1. Can you give the angle from 0 to 90° between the axis of helix A:94-115 and the longest principal axis of chain A, with both taken from C-alpha atoms, to the nearest 10?
2. Cβ neighbours within 10 Å, averaged per peptide: list A:81-89, A:108-116 in order, most packed at the top.
3. Kindly give Rg over Rh for the protein assembly as shown, based on alpha-carbon atoms, with the Kirkwood expression for the hydrodynamic radius.
4. Sort A:235-242, B:35-42 for me by packing, meaning the mean count of neighbouring Cβ atoms within 10 Å per residue, highest on top.
5. Does the range A:3-224 classify as rounded, prolate or oblate by the C-alpha gyration tensor (a ≥ b ≥ c root eigenvalues; a/c under 1.5 gives rounded; else a/b over b/c gives prolate, otherwise oblate)?
6. Just tell me how shielded B:85-93 is by partners: mean number of partner chain Cβ atoms within 10 Å of each residue's Cβ, no decimals.
7. Where does the protein assembly as shown land at 222 nm, in deg cm²/dmol rounded to the nearest 500, when only DSSP H runs of n ≥ 4 count, each adding -39500 (n - 2.57), divided by all residues?
8. Need the C-alpha centroid separation for the range A:69-114 versus the range A:174-209, integer Å.
């Protein structure tokens, strides 16, 4: 493999990795606060892609407007799921929330199959995504260039909200100690609601960008990206937002480079990622940036 | 006039009848203390007052309004705040952020600034030096100051403190009690739960003794300090 091929693969890896990062944030944020894995998050990703599809194909909205509406609508869907499915089991044991999440995921996928059908739909991505860039001897598609750029912008906005605003401060407080946050006069349910909105908005953006990259969308399109993003969240350290970003990029690079280095392994690309998951769970379950539980008496 | 009136309060949790008909009064502008052994129901009483534990019967009246079914965050807005047992600092937030969390629901930015000035400048100057440090990096004593300071940031009409001296070195215990009198002098009403009964009764206007979920004795701080039974059971004297 020569340098220009390697460079091209690195760009592809970053591009795929940023999509995993966008999706991983939602897993890690919900886990950080509620200590369960929101399995329905991968389906939120799908809802984002389909919303954009309908806004473009049916309502003929211009692309940026369609994307913005889709993100907003998906954020609302995320909040609704929390309100309808998770809030009622908030005080139940964690395992109840986990099972509920599996149920919600199954429900959304099957609702998708019933309403929009299993047949893939062709996603119209905007022109700038299919443009080809020439950097020296390397040719890369617009998707591979724009996806990481848009992702970094979105992540910057998200970081600003979490680390520089009042509601973000409350989100971080809730993730440390829900009861103590209540004692500060904070309506914790509301903060959790906003957390779902933020995570779902990023997942929607991920879903839309994913559809630009792989323009055939189906109701089950979120399943594998979801598992890999979950892996990314674990690798980065579940509960840690910077960890989820780093994990996302790592998983994207591992996947692309596995295939690039040994094309024979291309059939095992998913398997390699899950091997990474197993290894991390065995060797370092707290991930790269994960919090080791520290308690002070 | 009583700012807080608890009447015949019963609390059950996990199959345990933790409070069995507790009644107490906290007059405005006073320090009232609740003493008793471990498991007597002191913390449960505070949890019921702040809305974290639900009363199965009885009433909790704050400034003339029954708050026994009001949610915890609303109760804070009504004017009760608590520095909970174990400090409960947000270890991943900075000291300044911890303090600002205490004022989360307040809209009066200017007044919040004044309170921050008073708490971090006058009451606990040590916190100011540590503003940008994470809460989790503070020592136990500093965390306790932060917990009390944070509770004060909501500018409460009633401040509940659960074991503020627990696990602190004697010098720091004195420091905490000095600050409590200072807060009291500023006009804040305090409901204090303490294991350190002697120190608590000394600064308290009135005290209640809890045992097995019921109030077994009450009187002014001086009366209780002088009482034979209290001295034996809670001040470690006699025999």
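1. It is inclined by approximately 40 degrees.
2. Per-residue mean Cβ counts within 10 Å order the peptides as A:81-89, A:108-116.
3. 1.08
4. Descending mean neighbour count gives A:235-242, B:35-42.
5. prolate
6. 5
7. Calculated from helices alone, the mean residue ellipticity at 222 nm is -17500 deg cm²/dmol.
8. When both Cα centres are located, 14 Å separates them.
Bear in mind that the values in this text are calculations on the coordinates, not laboratory data. Note that the structure is a prediction, hence the values are computed from the model and not measured. Using ideal geometry, Cβ is built from the backbone for each residue, glycine included, and neighbour counts are taken over all protein chains shown.
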